[in-house]
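Enquirer: Structure provided below as structure tokens; questions to follow.
The values are calculated or read from the model by the stated rules, or taken from the named source; none is laboratory data. Bear in mind the structure is a predicted one, so any value in this text is a computation, not a measurement. Note: ideal-geometry Cβ built from the backbone for every residue, glycine included; neighbour counts use all protein chains shown. With ligands, DNA and RNA removed, areas are computed over all heavy atoms of the protein, side chains included. Shrake-Rupley method; radii C 1.70, N 1.55, O 1.52, S 1.80 Å.
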Amino acid sequence: WQRLRTPLNRHLTKVDSAEHYLDSQNSVAEEFAKILSSGPRSAKEIQDWFFKYSTECVGLVCLNTRLGLMDPQVPVDSAALVFLEDSKNIFLQIANVLNGKSIMHDYYLNKTYREYERSNSFVRSYIKSRLRRAKTNLDRQSNPKRDDREKPTGVINKRTCFRLPRRRKHDDDTLRCWHGVATNLQTFCYELASNPEKQEKLYEEIVAVLGKNGPVTREKLRRMPYLKACLKESFRMRYPYLTGPARLLPNDAVIRGFRIPAKTQILPCNSYTCQTIFPDADKFLPERWLRSETDRKLSHEIPRLACLPFGFGARNCIGRRFAEQQIFLAVIKTVQKCRIKLRPGSSDVVFRYSIFIEPAEPIKFEFEPREHQKAMEEI
């Protein structure tokens, strides 16, 4: 693990690591928002677009390319769509194992194992083919005599010196990135739709910083504290995964009078219901995360480890900055263009945990174009 993680830390965990991809991912977010605001769609269609958006963004970073998933006319049997569906199936089969729905896969090739192996085989072959294509483009770029119009811009380029080592975990890292973004982006939009006054406050910040149609730049993104507070509050209300970051105790410990022996696995749970830490814990209040402009303090002090959606320490989520940026871009461009609403009678959404949090049924969103957007479309 350490051998694989260390070289990536230098390129993926810096403060500005994800910002290098703002321009290319900004265009994907624009397409995503345009699709959502273009007319009514079924809940299942909308959910599919969340997954297509997140996969397209991850492809830019991990595979140096657009996958073509944002094209409404993409054939259903295209390799990119098969890759997406098989990736979702991998998560489903893993969830079946974790939830106890499959217990015999260790003893014979049952349906869960066969489904996992089938999907995993295609996903790995697809990623390898994309990596080979990126390697070819990288070699062309190294030759000054070649006019290469597809210069790599992702993590596998000359700037990062990431020369496509044979990483067995590259496939898994790619999958975790997009799946977590897709599910948590849905929960974030649900919170905004359920709290329209907070959504309007966020819209006011977006317009004040970007205007009604302006692009996102790194400087402007840093001037949007309410957006970041909204995402933190969404993570608190709908924790991304079931438990906190698991750790093995290296030594015996006594916690609140209980003796816990060494090598015991500790699974801290989300503390969002704790009223002493989060007053009005059942309410969506992004303001609790905003710091005073005078002394930079929170209105109610929150312990640093009270909410850890990406873990902490050496084993924290390596894709944190990329995941946050993809969510920020999607929400900014969507809220710029339309109001996120829920269809009548669909406000009580049930969420469940497989690997990440997800709605038990597709959320029935409505995306109502804003007045300036309607005027632009008429023109």
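Enquirer: Could you sort 122-132, 69-79 so that the peptide with the highest average Cβ count within 10 Å comes first and the rest follow in order?
Expert: The packing order, highest mean first, is 122-132, 69-79.
Enquirer: Defining a contact as two alpha carbons under 8 Å apart and six or more residues distant in sequence, what relative contact order in percent does the chain show? Could you put the intermediate results ahead of the total?
Expert: Values: 460 pairs, mean separation 88.8, N = 379.
In percent, rounded to a whole number, it is 23.
Enquirer: Taking the chain as a Gaussian network, where each spring joins two C-alpha atoms under 10 Å apart, which residue of Val97, Val335, Val28 fluctuates the most?
Expert: Answer for the Gaussian network model of the chain: Val97.
Enquirer: Relative contact order, percent, of segment 202-335 when contacts are C-alpha pairs under 8 Å separated by at least 6 residues? Present the calculation step by step, with values, prior to reporting the outcome.
Expert: Details: 130 pairs, mean separation 31.8, N = 134.
Relative CO of segment 202-335 lands at 24 percent.
Enquirer: For a quick check: with amide H placed at 1.01 Å from N, whose amide H comes under 5 Å from Cys338's, ignoring anything fewer than 5 positions away on the same chain?
Expert: For Cys338, whose amide H was placed from the backbone, the distant partners under 5 Å are Arg370.
Enquirer: Now for a separate question. Quick check: at a probe of 1.4 Å, how many percent of the accessible area of the chain sits on carbon and sulfur atoms?
Expert: Values: 10770 of 20370 Å².
Whole-percent figure for carbon plus sulfur exposure: 53.
Enquirer: Ok, one more. So what J values fall out for segment 104-119 if you push phi through Karplus, 6.51 cos²θ - 1.76 cosθ + 1.60 with θ = phi - 60°, rounded to Hz, Gly and Pro as x?
Expert: With coefficients 6.51, -1.76 and 1.60, one gets 9, 5, 6, 10, 7, 7, 6, 4, 4, 5, 5, 5, 4, 5, 4, 5 Hz.
Enquirer: Give the long-range amide H neighbours of Tyr241: residues separated by 5 or more places, or on another chain, with amide H under 5 Å away, using H modelled in the peptide plane at 1.01 Å from N.
Expert: Amide H to amide H, under 5 Å and 5 or more residues apart or across chains, Tyr241 pairs with Ile357.
Enquirer: Something else now. Under 5 Å between amide H atoms, partner at least 5 residues away or on a different chain: which partners does Lys212 have, H built in plane at 1.01 Å?
Expert: none
Enquirer: Also: Please compute the net charge surrounding Leu248, taking Lys and Arg as +1 and Asp and Glu as -1 over other residues with Cβ under 14 Å from its Cβ. Kindly include the intermediate steps, with their values, before the conclusion.
Expert: On the way: positive: Arg247, Lys263, Arg315; negative: Asp252.
Summing Lys and Arg as +1 and Asp and Glu as -1 gives +2.
Enquirer: Now for a separate question. Considering only DSSP states other than H, G, I, E and B, which chymotrypsin sites (Phe, Trp or Tyr not before Pro) in segment 1-110 qualify as loop sites with at most 11 other Cβ atoms within 10 Å?
Expert: Trp1, Tyr107, Tyr108
Enquirer: To continue, here is another question. Would you mind working out the magnitude of the charge dipole of segment 310-363 relative to its Cα centre, with +1 at each Lys and Arg C-beta and -1 at each Asp and Glu C-beta, to the nearest 20 Debye?
Expert: Details: 9 positive and 4 negative charges, 55 e Å.
Once rounded to the nearest 20, the dipole reads 260 debye.
Enquirer: If we count every other residue with Cβ under 15 angstrom of Asp77's Cβ, Lys/Arg +1 and Asp/Glu -1, where does the sum land? Each step should come with its number before you reach the end.
Expert: On the way: positive: none; negative: Asp71, Glu85, Asp86.
Cβ neighbours under 15 Å give a net charge of -3.
Enquirer: Further question on the same structure: Give the accessible surface of segment 1-46 per residue, rounded to a whole number of Å², with probe radius 1.4 Å and ligands, DNA and RNA excluded.
Expert: Working: 2390 Å² over 46 residues.
Roughly 52 Å² per residue, with all protein chains present.
Enquirer: While we're on this one: Does segment 70-141 come out rounded, prolate or oblate by the C-alpha gyration tensor, with a ≥ b ≥ c the root eigenvalues, rounded set by a/c under 1.5 and, if not, prolate when a/b is larger than b/c and oblate if not?
Expert: Since a/c reaches 1.5 and a/b is larger than b/c, the shape of segment 70-141 is classed as prolate.
Enquirer: Treat each spin label as a single point 7 Å out from the Cα along the C-beta direction, and report the Lys14 to Asp71 distance in nm.
Expert: 3.4 nm
Enquirer: To continue, here is another question. Give the span of the chain's Cα atoms along each principal axis, as three whole-Å numbers ordered largest to smallest.
Expert: Principal-axis extents of the chain (Cα, largest first): 66, 62, 43 Å.
Enquirer: Let me ask another. Under a 1.4 Å probe, what is the accessible area of segment 223-375 per residue, stated in Å²? Walk me through the numbers on the way to the answer.
Expert: Working: 8450 Å² over 153 residues.
Heavy-atom accessible area per residue stands at 55 Å².
Enquirer: Just to be sure I understand the model, the point goes 7 Å from the Cα along the line to the Cβ. What's the resulting Glu204 to Ala253 distance in nm?
Expert: 4.3 nm
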